[in-house]
Amino acid sequence: MAYLSPEKAKVPHPDPQARPCDTQPMAYRLWDGATPLGYLRFGLRVLLLFAALFFCIPFYYIWRILHLPNPWPRTFLKAAAFACGARVKIIGTPIKRDVFFISNHLSWVDIAILGGHSGTAFVSKEEIGNWPIIGWLCRLNDTVFVSRSDRMGIADQINQLRDALEETWAITIFPEGTTTDGSTLLPFKAPLLKVLEPPPPGIMVQPIFLNYGKDAYEVSWPGEESAQSNAWRLLTRPGNFLVEVHFLNPFDPDQFSCRKDIAAEARLRIAEPLSASLGGKPIV
């Protein structure tokens, strides 16, 4: 579990009325224990996660040996999202294939939610591929791992993305590059959108807006909180949380001159419903 230093322990809790504008490191949210019911919830949710994993894995390999379209990563991710407390409401229609999803990003559970309800693969930073168990699970779902520091290897990364699009028919990228608390939208980073410059034939871009509503602040993973601490906090929290997954109107990337314009268009389309969900707060 994460260690709460004396310096971080002095960080005061923010005024709840200031939550939507709070962008300070959330050190005060680091793990500081749980109630007995919290431990029970953690145990039950972890049990559900492992039960889903052990059920799906044998079928995954059978389908793989038989070279059949493999539904089991999607089945596991949907079960994992449910076990973590996510109750998902789909709004709009996801494109089934030949699609590049671009989404805002609040939490690691975004991956389970989107993968479980669309069957998409993901683009992830290289170091996650080395995490125990998590890296292995990501590979089962055809995750493309990229290095942010290896600028010389960007051509190879683009080739990986093109191959993944042909293999899985759908790829999701979180172009903010990190998570937020749901009250803002960071600038979209365009380098990995070079796969759409020019776009493969027939590929569409569909923006996605993830709306956790009143639970966004509690479920999100911004600031200095460690992965272990965030997972502990999410799995011990009481109750479930509703997530609206808005599949917004898709657009043809071939109608834009460069990847920066594609990123700007996707961000604009996500910013509009985000602003509406925040009562009209401008998203800059």
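The values are calculated or read from the model by the stated rules, or taken from the named source; none is laboratory data. Please read all numbers here as calculations on a predicted model, not as lab measurements. No Cβ is skipped: glycine too gets one built from the backbone with ideal geometry, and neighbour counts run over all protein chains shown. SASA here: full protein model, heavy atoms, side chains in, ligands and nucleic acids out. Shrake-Rupley method; radii C 1.70, N 1.55, O 1.52, S 1.80 Å.
Which of the pairs LYS125/LYS189; LYS125/LYS281; LYS214/LYS260; LYS78/LYS260 have their Cα atoms more than 23 Å apart in this structure? Before the final figure, lay out the partial values.
On the way: LYS125/LYS189 13 Å; LYS125/LYS281 31 Å; LYS214/LYS260 32 Å; LYS78/LYS260 32 Å.
Over 23 Å Cα-Cα: LYS125/LYS281; LYS214/LYS260; LYS78/LYS260.
Which of rounded, prolate, oblate describes region 92-246, given a ≥ b ≥ c as roots of the alpha-carbon gyration tensor eigenvalues and a/c under 1.5 marking rounded, otherwise prolate only if a/b is larger than b/c?
Numbers: a/c = 1.74, a/b = 1.42, b/c = 1.23.
Taking the square roots of the gyration eigenvalues as a ≥ b ≥ c, region 92-246 is prolate.
Please give the contour-minus-distance gain from GLN160 to LEU44: 0.36 nm per residue of separation, less the Cα-Cα distance, rounded to one decimal in nm. Intermediate results must be reported in sequence, preceding the final value.
Details: separation 116, 0.36 × 116 = 41.76 nm, distance 3.76 nm.
Separation in residues times 0.36 nm, less the Cα-Cα distance, equals 38.0 nm.
For the peptides 39-47, 97-105, 246-254, 180-188, what is the packing order when you average, over each peptide's residues, the other Cβ atoms within 10 Å and list the highest mean first?
Numbers: 39-47: 14.2, 97-105: 22.4, 246-254: 17.0, 180-188: 19.7.
Order by mean packing, descending: 97-105, 180-188, 246-254, 39-47.
Between rounded, prolate and oblate, where does region 65-113 land on the alpha carbon gyration tensor, with a ≥ b ≥ c its root eigenvalues, rounded for a/c under 1.5, else prolate if a/b exceeds b/c?
In terms of gyration-tensor shape, oblate.
Name the residue from GLY239, ALA263, PHE251 whose Cα lies farthest towards the positive end of the charge dipole of region 206-284, charges +1 on Cβ of Lys and Arg and -1 on Cβ of Asp and Glu.
GLY239
Explain nothing, just the number: relative contact order of region 182-246, from Cα pairs under 8 Å at least 6 residues apart, as a whole percent. It would help to have the intermediate numbers written out before the result.
Working: 28 pairs, mean separation 30.4, N = 65.
Dividing the mean separation by the residue count of region 182-246 yields 47 percent.
Report the net charge of residues surrounding LEU274, where surrounding means a beta-carbon distance below 14 angstrom and charges are Lys +1, Arg +1, Asp -1, Glu -1. Walk me through the intermediate numbers first.
On the way: positive: ARG267, ARG269, LYS281; negative: GLU176, ASP181, GLU244, GLU272.
Local net charge: -1.
Is region 227-269 rounded, prolate or oblate when judged by the Cα gyration tensor, a ≥ b ≥ c being the square roots of its eigenvalues, rounded requiring a/c under 1.5 and prolate requiring a/b larger than b/c? Before the final figure, lay out the partial values.
On the way: a/c = 5.69, a/b = 2.52, b/c = 2.26.
Taking the square roots of the gyration eigenvalues as a ≥ b ≥ c, region 227-269 is prolate.
Provide the per residue accessible area, probe 1.4 Å, for region 88-238, rounded to a whole number of square angstrom. Please list the in-between numbers first.
Numbers: 6430 Å² over 151 residues.
Counting only protein heavy atoms, the per-residue value for region 88-238 is 43 Å².
In a shell of Cβ-Cβ distance under 9 Å around PHE241, excluding PHE241 itself, what net charge do Lys and Arg (+1) and Asp and Glu (-1) give?
On the way: positive: ARG87, LYS214, ARG237; negative: ASP215, GLU218.
Around PHE241, the surrounding residues sum to +1.
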